[in-house]
1. For region 261-340, with the dipole built from +1 on Lys and Arg beta-carbon atoms and -1 on Asp and Glu ones, taken about the Cα centre, which of TYR298, ALA310, SER273 lies farthest toward the positive end?
2. In whole angstrom, note down how far apart the Cα centers of region 105-158 and region 65-96 are.
3. Report, to the nearest whole %, how much of the accessible area of the chain belongs to carbon and sulfur atoms, 1.4 Å probe, protein only.
4. Rounded to the nearest 10 degrees, what's the angle between the helix 54-76 long axis and the longest principal axis of the chain, both from Cα atoms, 0 to 90?
5. Evaluate region 330-393: find the radius of gyration of its Cα atoms, find its Kirkwood radius, and give the ratio Rg to Rh.
6. Taking a temperature of 20 °C and a viscosity of 1.002 mPa s, what whole-number D in µm²/s does Stokes-Einstein yield for the chain with Rh from Kirkwood over alpha carbon pairs?
7. State to the nearest 20 debye the size of the charge dipole of region 156-221 about its Cα centre, where the only charges are +1 on K and R beta carbons and -1 on D and E beta carbons.
8. Indicate the gyration tensor shape class of region 289-419 (rounded, prolate or oblate), computed on the Cα atoms with a ≥ b ≥ c the square roots of the eigenvalues: a/c under 1.5 is rounded; otherwise a/b larger than b/c is prolate and the rest oblate.
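The values are calculated or read from the model by the stated rules, or taken from the named source; none is laboratory data. Since the model is a prediction, treat every value here as computed from it, not as a measurement. Cβ: placed from backbone, ideal geometry, glycine included. Neighbour counts: every protein chain shown. SASA here: full protein model, heavy atoms, side chains in, ligands and nucleic acids out. Shrake-Rupley method; radii C 1.70, N 1.55, O 1.52, S 1.80 Å.
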Amino acid sequence: MNRLPQLKKMLIMLLLIAPALLALASPTVARADAVTDWNLIASNSIVVTAGQPPPVSVLHFAMVHGAVYDAVNAIDRGHQPYLVQPPSNPTDSKEAAAATAAFRVLVGLFPTQVGTLQPIYDAYIAALPDNPPGSKAAGIAIGEATASAMLTARVNDGRVGPTPTPYPTPAPPGIWRPTPPNFLNDPAAWVGNVLPFIIQSAEMFRTDGPNALTSVEYAEDFNEVKELGSLTSLTRTADQTDAAIFWQDHAMALWNGIFRTLATNQSLNIVDSARLFAMENLAAADAQIGCWNDKYYYWFWRPITAIREADTDGNPDTQADPTWLPLFDPATPVCNPLFPLFTPPFPDHPSGHACATSAFVHTLQNFFGTDRIGFSAFSNKSCTTRSFDRFSHALKEVIDARVWAGIHFRTADTQGAVLGNKVAHYLKKHAFQPVRRYR
């Protein structure tokens with residue numbers, strides 16, 4: 001029996017949860033609330049146990065936290081509900097409501113994990129106070145109701161649905177095709193056809209598209225990534241190399257870890273935590289849906305293909321290198337050799353990471369009302385910690401990092417960031433609005 005997949009999962013699990021467990025155990029770090037606790041549990045369930053890639057996992061982070069938000073908000077009643085607002089009393093347990101909503105959505109999504117999740121949930125609920133008597137049972141009922149509403153609302157929403165029609169072969173210059181060394185196809189091409197959570201349609205924020213192959217702008221992007229993103233680049237610095245590898249960690253797990261840190265460091269209460277996690281993950285989910293829809297609208301080729309086949313692009317300012325390799329090649333050392341680097345197996349434009357990170361960052365700015373909050377994060381891909389003085393500094397680095405990695409043209413990153421920003425702006429205007437409390 002081949003035990004390598006199981007060993008991989010165990011290693012990822014330890015890398016993901018160990019820092020958070022140490023933080024919760026430390027006497028110098030304040031434990032947050034049921035929202036952050038169950039975000040960590042959800043991250044383990046979605047990313048580690050289920051092994052879902054970023055554009056798929058964020059859909060399920062959004063489902064969990066949309067239900068958690070509705071559960072907590074049903075008791076607080078300070079903002080518009082996302083889907084439903086069950087009846088409640090102000091003394092009902094928000095912690096029980098949040099834990100139950102998260103648990104029920106997770107077992108609804110992953111019924112095979114019930115044997116693992118049930119004892120975690122039972123122990124969590126048992127440890128909560130029941131003050132006043134009956135408040136815990138009431139919170140559980142509210143969480144059950146919001147989880148049911150979420151699972152019902154997302155039935156037949158396009159997840160694991162039809163995939164885009166393959167581009168006719170042979171593909172002309174500029175069109176994506178599977179890339180070396182593994183020549184894989186996108187395992188989640190259907191994401192672009194999923195029903196969005198907030199925005200009106202997946203096509204709502206269509207990007208301007210990649211540069212024409214014969215344009216000056218395309219040649220500039222081409223030559224930048226050819227030089228800075230090469231496996232053997234002499235101009236990319238060691239810090240740029242570290243940043244590129246750092247951000248190749250699982251984006252949704254990495255950012256949700258950042259949200260847990262921010263929730264604790266900014267002393268958010270459970271109501272604000274519930275709203276923060278819902279806003280962030282719903283914005284990123286819609287950004288990924290729009291991004292993947294855009295990818296298969298344009299079908300633009302990756303740098304490794306473009307550089308190797310530059311003699312076909314009709315641009316006199318690009319020169320072919322048939323042996324060119326990006327930094328993201330299995331030859332690049334990583335701290336976990338079980339998970340080598342390679343070019344992602346889907347079209348270049350726009351950048352999925354930039355779409356999601358921009359949605360995350362602009363939603364953070366909208367939530368906190370400032371860009372000037374510092375944070376640090378640890379990456380399981382580079383095994384390094386990077387720190388930022390502003391939210392926007394992380395987005396800028398992600399845009400650069402995808403070029404330094406040799407996997408994206410800069411235009412794919414900058415236009416992906418525009419798409420994510422538009423989603424965040426739409427969410428700010430149309431969802432999670434404050435209301436007057438009436439009882």
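1. Final value for the positive-end residue is SER273.
2. 13 Å
3. Carbon-and-sulfur percentage of accessible area, whole number: 57.
4. Between the helix axis and the principal axis of the chain, the angle is about 20 degrees.
5. Computed over Cα atoms, the ratio is 1.06.
6. Rounded, D is 96 µm²/s.
7. 300 debye
8. Oblate.
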